[in-house]
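Peer 1: Quick one: the structure is below, and I'll ask about it shortly.
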Amino acid sequence: MVEQLVKGIIAKLYADRGYISHELKSRLKDQGIDLMTYHRKNMQAIKLSKADHYHLKQRNKIETLFSLLKGTYNLVTSKARSITGYLTGIYASLCAYQLCHQNKPMIRLMETSA
């Protein structure tokens, strides 16, 4: 499924430990995608660049935010009957988050030197 989602893209893909697989990593490498994950405790540590480590940390913030939106603000838990209803639910969850939630996490883009 991952291969279909990233078909035609050449980039780095930051994922959680659930996507650790040498087979998946090699298949994505053939498509021009670098799969970046943290290693498991029983695996040999992989040296990540400073930028890759930074982006994995940002990914964790995004996962936490989605968890909060789903749990507290009912994101994507409604049984929408139309695309408009589905998008309205997403919009309502985001508005509730913006209006009610204190201490929002800040996601910064890292400047990379080319």
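No lab work stands behind these numbers, since they all come straight from the coordinates. Only a predicted model underlies this, so the values are computations on that prediction, with no experimental measurement involved. Note that we place each Cβ from the backbone using ideal geometry, even for glycine, and neighbour counts take in every protein chain shown.
Peer 1: For residue 34, list long-range residues whose amide hydrogen, built 1.01 Å from N in the peptide plane, is under 5 Å from its own amide hydrogen.
Peer 2: Placed amide hydrogens put 11, 12, 13 under 5 Å from residue 34.
Peer 1: In deg cm²/dmol and to the nearest 500, what is the mean residue ellipticity at 222 nm of the chain if only DSSP H runs of at least 4 residues count, each as -39500 (n - 2.57), divided by the residue total?
Peer 2: After summing the helix terms and dividing by the residues of the chain, the value is -15000 deg cm²/dmol.
Peer 1: So what are the ³J(HN,Hα) numbers for the stretch 50-60, from phi and the Karplus equation (6.51, -1.76, 1.60; θ = phi - 60°), rounded to whole Hz, Gly and Pro as x?
Peer 2: Using θ = phi - 60°, the values come out as 4, 5, 5, 4, 4, 5, 5, 5, 5, 4, 4 Hz.
Peer 1: Oh, and also: Please compare each pair in 12/57; 7/29; 25/47; 12/50; 7/61 to a cut-off of 18 Å on the Cα-Cα distance and tell me which ones are over it.
Peer 2: 7/61
Peer 1: Hey, what did the chain get for relative contact order, percent, Cα under 8 Å, at least 6 apart?
Peer 2: Relative contact order for the chain comes out at 20 percent.
Peer 1: Can you compute the charge dipole magnitude of the chain about its Cα centre, using +1 on each Lys and Arg Cβ and -1 on each Asp and Glu Cβ, nothing else charged? Give it in debye, rounded to the nearest 20.
Peer 2: 240 debye
Peer 1: Which ³J(HN,Hα) values in Hz, rounded to whole numbers, follow from the phi angles of the stretch 8-20 under the Karplus curve 6.51 cos²θ - 1.76 cosθ + 1.60, where θ = phi - 60° and Gly and Pro get x?
Peer 2: Working through the residues one at a time gives x, 9, 10, 6, 9, 10, 9, 9, 8, 5, x, 9, 6 Hz.
Peer 1: What would the Debye formula give as log10 I(q)/I(0) at q = 0.23, 0.26 Å⁻¹ for the alpha-carbon point model of the stretch 1-86, no solvent?
Peer 2: -1.14, -1.25
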